[in-house]
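So the structure is just underneath, and the comments pick up after that.
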Amino acid sequence: MAQRLATEYVKACLQLTAQEMARFVRFMGDQNVRMQVRVLENGNHELALVDEAGKEEIRLIFERHDDLFVCVLSCRLVHPKLTNAMRKAVSQFRGDAVVNRIYPNYTMVYHYKKGAVHKIVELSGGESRTVFELKDTLGLLEQTFNNRQIEFEIERIQCAVNELLDLRNQSKDAEEIRNIDERLKQHTRQLFVFEAQ
């Protein structure tokens, strides 16, 4: 397996409530990285994370926005402890991020939404290839169900049109024929609407 050279957070965003912020500080304290927390006058929080060997440091600044602490960061990490701590933090605290995992001959680009990997793209030699993409199975099933509902509605209207045509062919009364023709026009408009969906 290829040795990872670096992990680059192109853009990461964490949005935490006050309770989640306290959990985040405890969580980072358990990740075998040295941490300093500063609470600034305006309520913002600054976390300095240093790997145990002291070779790498990142600063996370959480700005207070109404009831949330928001951290937007970009950074490049090389050492595994800090890299793993950030990966776990993005996942556990439902962050959004674009992360490049850089190897000697290629780069894997991970797209996180609400802490879950939604897409992985391999970049190599100027080419890109999607390795993984999360499918919205529930959304696809819902869309299929809605399409079936439209099909059922079209079938119902077609049956109603056939019955009206039979009535029209049997009717001798001009007023009744005009009423049937009006109902046929309404059904025809409905069919055009449903078939356009």
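The values are calculated or read from the model by the stated rules, or taken from the named source; none is laboratory data. Bear in mind that the values here come from a model prediction, so they are computed numbers and not experimental data. Virtual Cβ from ideal backbone geometry, glycine too; neighbours counted across all protein chains shown. The protein model used for the area step is the full one, side chains on, heavy atoms only, and it has no ligands, DNA or RNA in it. Shrake-Rupley method; radii C 1.70, N 1.55, O 1.52, S 1.80 Å.
In this structure Ser74 has an accessible area near 80 Å², from a 1.4 Å probe over the protein heavy atoms. Just the protein heavy atoms count here, and of the accessible area of region 61-140 at 1.4 Å, carbon and sulfur take up 50 percent. Values of log10 I(q)/I(0) for region 104-172 across q = 0.15, 0.18, 0.21 Å⁻¹ run -0.71, -0.82, -0.91, by the Debye formula with one identical scatterer at each alpha carbon and no solvent. Under the criterion of Cα pairs below 8 Å and six or more residues apart, the relative contact order for region 1-60 equals 19 percent. Taken per residue, the accessible surface of region 1-77 reaches 62 Å², heavy atoms only and a 1.4 Å probe. Projecting the Cα atoms of Leu138, Val50, Val25 onto the dipole axis of the chain, where Lys and Arg carry +1 and Asp and Glu carry -1 at the beta carbon, places Val50 farthest toward the positive end.
Using alpha carbon coordinates only, what is the Rg to Rh ratio of region 41-187, with Rh defined as the Kirkwood radius? If you can, show how the numbers build up before the last one.
Numbers: Rg = 30.4 Å, Rh = 21.4 Å.
Taking Rh as the inverse mean 1/r over Cα pairs, Rg/Rh reads 1.42.
Remark: relative contact order (region 42-197) = 10 percent; criterion is Cα-Cα distance under 8 angstrom and separation of 6 or more residues. Phi-derived couplings, Karplus 6.51 cos²θ - 1.76 cosθ + 1.60 at θ = phi - 60°, listed residue by residue for region 149-163: 4, 5, 4, 4, 5, 4, 4, 4, 5, 4, 5, 4, 4, 4, 5 Hz, with x used for Gly and Pro. Think of a 1.4 Å ball rolled over the protein heavy atoms: region 132-197 then has 82 Å² of accessible area per residue.
Summing Cβ point charges (Lys, Arg +1; Asp, Glu -1) relative to the Cα centre of the chain gives a dipole of roughly 1000 debye.
Across region 104-120, computed HN-Hα scalar couplings (Karplus, 6.51 cos²θ - 1.76 cosθ + 1.60, θ = phi - 60°) run x, 10, 7, 10, 9, 9, 9, 10, 9, 10, 6, x, 10, 6, 9, 7, 10 Hz from first to last residue, x flagging Gly and Pro.
Residues of region 171-194 falling in the label zone of Phe145, defined by backbone nitrogen less than 13 Å from a point 7 Å along Cα to beta-carbon, are absent. Rounded to the nearest 0.05, what FRET efficiency is calculated for Arg94 and Glu175 with R0 set to 45 Å and r the Cβ-Cβ distance? Step by step, r from the Cβ atoms, then E = 0.10. Summing Cβ point charges (Lys, Arg +1; Asp, Glu -1) relative to the Cα centre of region 22-108 gives a dipole of roughly 340 debye.
In region 1-84, Rg over Rh equals 0.99, where Rg is the alpha-carbon radius of gyration and Rh the Kirkwood radius from pairwise Cα distances.
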